[in-house]
Amino acid sequence: MAILTQIENDLKTALKARDGTTVATVRVLLAEIRNQQIALHGSKDETLKDEHIVALVRQEIKKRREAIQLYQQGKRPELAEKEKKEMEILSKYLPQQISAEELEKVVKQAIKDFKGLEHHLEFVREITGVKFYNDSASTMPQATLAAIRAFQNPVVLILGGVNKGYDLEEFVKELKACRNLKSIILIGKTAPELEKFFNKLNPVFKVVRGAKNISGITRKAKVLSRRGDTILFSPGFASFDMFKNSKDRGGKFKEAILTLQAA
């Protein structure tokens, strides 16, 4: 059986069983597959080869492995456990499945070896009790949601970029459910559409438009924050509207923070 067929069948089975974790995990994987189909063939109707799908599965597993490390670092074991379950679901689509015991060893070793990654929930600076984190490597909504959930204190989120086919209304619904969100600053090409859905759903936190450059955006974030808050730069989308790539985006954010004056 082709891997894509297996993934689609597993989604149908999970929907019938009301298995929310499997449904969410498989849907994210299918979205990545559709995006890759368009990127390679110009159409989502052109089927990817199994080796391309396996590469995407490995990429999704890598994201969750990194998330586990970050959640462990942030002392959020319940979220690390959720990512581990998603890794187990995804591992079914690899050519050679590993046992639960082997997966446990891989996860524990990854946590032990973790030294921190640039642009992945990277602590930049603290100014008058406000901590700034660079998560520019976040190029998909699920990564941003994971970053928000890594914190327990109030978060001022800088969000936006170029959408590569994600369901923005569903993303806004999930953001609305994040209890520690204090404010969101919208940037990039997704800002108008995200703002439309936020206005429709009326969240309790403040949503504002950002400035046209990163210096203005960081100053606005500082104005919206108070001592004890976290300012999180986790855009959730591609960077090509305002920056060369996600590394350039994260680098410019850090430069802006390091030159930001205390109020």
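Each value in this text was obtained by applying a stated rule to the coordinates, not by laboratory testing. Here the structure is a predicted model, which is why all the values come from computation and not from measurement. A quick note on method: Cβ atoms are made from the backbone with ideal geometry, for glycine too, and the neighbour counts reach across all protein chains shown.
If R0 is 35 Å, what FRET efficiency do you get for THR47 and ALA17 from their C-beta distance, rounded to 0.05?
Working: r = 26 Å, r/R0 = 0.75.
Rounded to the nearest 0.05, the efficiency is 0.85.
At 222 nm, what value in deg cm²/dmol follows for the chain if DSSP H runs of at least 4 each add -39500 (n - 2.57) and the sum is divided by all its residues, to the nearest 500? Walk me through the intermediate numbers first.
Values: 10 runs with 143 residues, N = 263.
The helix contribution divided over the chain gives -17500 deg cm²/dmol.
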Simple Cβ-charge dipole of the chain, Lys/Arg +1 and Asp/Glu -1, about Cα centre, in debye nearest 20: 1140 debye
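If we sort 168-179, 130-141 on the protection proxy, mean other Cβ atoms within 10 Å, highest first, what's the order?
Numbers: 168-179: 16.1, 130-141: 23.0.
My ranking of the peptides, most packed first, is 130-141, 168-179.
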Lys/Arg +1, Asp/Glu -1 at C-beta; the chain dipole; positive extreme among ILE231, ILE148, GLN59: ILE231
Shape of segment 43-85, Cα gyration tensor, a/c cut at 1.5: prolate
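Classify segment 139-263 as rounded, prolate or oblate from the Cα gyration tensor: take a ≥ b ≥ c as the square roots of its eigenvalues, call it rounded if a/c is under 1.5, otherwise prolate when a/b beats b/c and oblate if not. Display every interim value, and only then the final one.
Details: a/c = 1.57, a/b = 1.12, b/c = 1.40.
Judged from the Cα gyration tensor, segment 139-263 comes out oblate (a/c at least 1.5, b/c at or above a/b).
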ARG209 versus VAL54: modelled label distance in nm, points set 7 Å from Cα along the beta carbon direction: 4.8 nm
Listed pairs LYS200/LYS254; LYS16/LYS63; LYS206/LYS254 exceeding 30 Å between Cα atoms: LYS200/LYS254
Antiparallel DSSP beta bridges within segment 122-263, as percent of all bridges there, nearest 5: 25 percent
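Using Cα pairs under 8 angstrom and six or more residues apart, how large is the relative contact order of the chain, in percent?
Details: 389 pairs, mean separation 49.5, N = 263.
Rounded, it is 19 percent for the chain.
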For segment 209-217, 3J(HN,Hα) per residue [Karplus equation, 6.51 cos²θ - 1.76 cosθ + 1.60, θ = phi - 60°, Hz, x = Gly/Pro]: 7, x, 7, 7, 10, 5, 5, x, 5
Other-chain or far-sequence residues with amide H under 5 Å of VAL207's (modelled H): ILE184
Vicinal HN-Hα couplings computed from phi for segment 80-91 (Karplus, 6.51 cos²θ - 1.76 cosθ + 1.60; Hz; Gly/Pro x): 4, 5, 4, 5, 5, 4, 5, 4, 5, 5, 5, 5
Amide H contacts of VAL155 (H built 1.01 Å from N, under 5 Å, at least 5 apart or other chain): LEU181, LYS182, SER183, THR230
Mean separation of Cα contacts under 8 Å, 6 or more apart, over the residue count of segment 170-229: relative contact order %: 35 percent
Restraint check, LYS196/LYS220; LYS62/LYS173; LYS82/LYS176; LYS92/LYS173; LYS189/LYS212, Cα-Cα greater than 23 Å: LYS62/LYS173; LYS92/LYS173
Counting DSSP beta bridges with both ends in the chain, the antiparallel % (nearest 5): 25 percent
Amide hydrogen neighbours beyond the local backbone of LYS164, cut-off 5 Å, H modeled: ALA238
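Does the chain come out rounded, prolate or oblate, given a ≥ b ≥ c as the square roots of the eigenvalues of its C-alpha gyration tensor, rounded meaning a/c under 1.5 and, failing that, prolate meaning a/b above b/c?
Working: a/c = 1.85, a/b = 1.49, b/c = 1.24.
Since a/c reaches 1.5 and a/b is larger than b/c, the shape of the chain is classed as prolate.
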